[in-house]
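The values are calculated or read from the model by the stated rules, or taken from the named source; none is laboratory data. Small disclaimer: the values here were computed from a predicted structure and weren't measured. Note: ideal-geometry Cβ built from the backbone for every residue, glycine included; neighbour counts use all protein chains shown. Just so you know, the surface numbers come from the protein's heavy atoms only, side chains and all, with ligands and any DNA or RNA stripped out. Shrake-Rupley method; radii C 1.70, N 1.55, O 1.52, S 1.80 Å.
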Amino acid sequence: MDALDRKILTELQLDGRLTVTELAARVKLSVSPCHRRLRDLEREGAIRGYRAVVDPAAVGLNFEALVFATLRWEDPDTVTAFEEAVTAIPHVIQAQRLFGEPDYLLRVATTDLTAYQQFYDQQLARLPGVQRLTSTIVMKNVIQDRPLPE
């Protein structure tokens, strides 16, 4: 991957709806080579897909919390059960396994604090293998959906 491929990736992260012609103009390439590079990036997996970025507040999800989860045991069965259960919960919009403690960081979106409290009690607290959950409320997203650095 060279600097031109990285520029193509940056432009697409900023605006995934660019036409190949618009993209080529932004990266200062003719259309055919730009299209070839774009297809190569897709085929190689550098571009995993295209999607719309939706404002959570526009769909009524005005509350966001970060939840730190520590498991009782970290054996493969517990980890698998926890990850499968988390994957099945739509309000968990991001989940990351961490080194050290805690074991996981979950990003959760709900309509408000009351909905979060119910979600916490009915779903998060019942996740398999959980020893401890710690939540913090997101006051403001300062950086979100930033393109990866070149």
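Side notes on the structure shown:
- Rounded percent of accessible protein surface that carbon and sulfur make up, the range 74-141, 1.4 Å probe: 51 percent
- Cα-based Rg and Dmax for the range 84-139, where Dmax is the largest Cα-Cα distance (Å): 11.1, 31
- Solvent-accessible ranking of GLU64, GLU74, largest area first, probe 1.4 Å: GLU74, GLU64
- Helix 3-14 vs. the chain, principal-axis angle (Cα, 0 to 90°, nearest 10): 60 degrees
- Note on the chain: dipole from Cβ charges, positive end direction compared against PRO56, TYR120, LEU9; the farthest Cα belongs to LEU9.
- Listed residues TYR50, TYR120 arranged by accessible area, highest first, probe 1.4 Å: TYR50, TYR120
- The range 1-35 versus the range 48-87: alpha-carbon centroid distance in Å: 32 Å
- The residues of the chain have, on average, 68 Å² of accessible surface per residue, using a 1.4 Å probe with all protein chains present.
- Trypsin sites (Lys or Arg not before Pro) within the range 1-90, DSSP loop, no more than 10 other Cβ atoms inside 10 Å: ARG17, LYS28, ARG48, ARG51
- Placed amide H near LEU127: partners under 5 Å, 5+ positions off or other chain: none
- Computed from the C-alpha gyration tensor, the three semi-axes of the ellipsoid equivalent to the chain are 38, 19, 12 Å, from longest to shortest.
- In the range 32-114, the inverse of the mean reciprocal separation of distinct Cα atoms equals 15.7 Å; this is its Kirkwood hydrodynamic radius.
- Translational D in µm²/s for the range 1-40 (Stokes-Einstein at 10 °C, 1.306 mPa s, Kirkwood Rh from C-alpha pairs): 163 µm²/s
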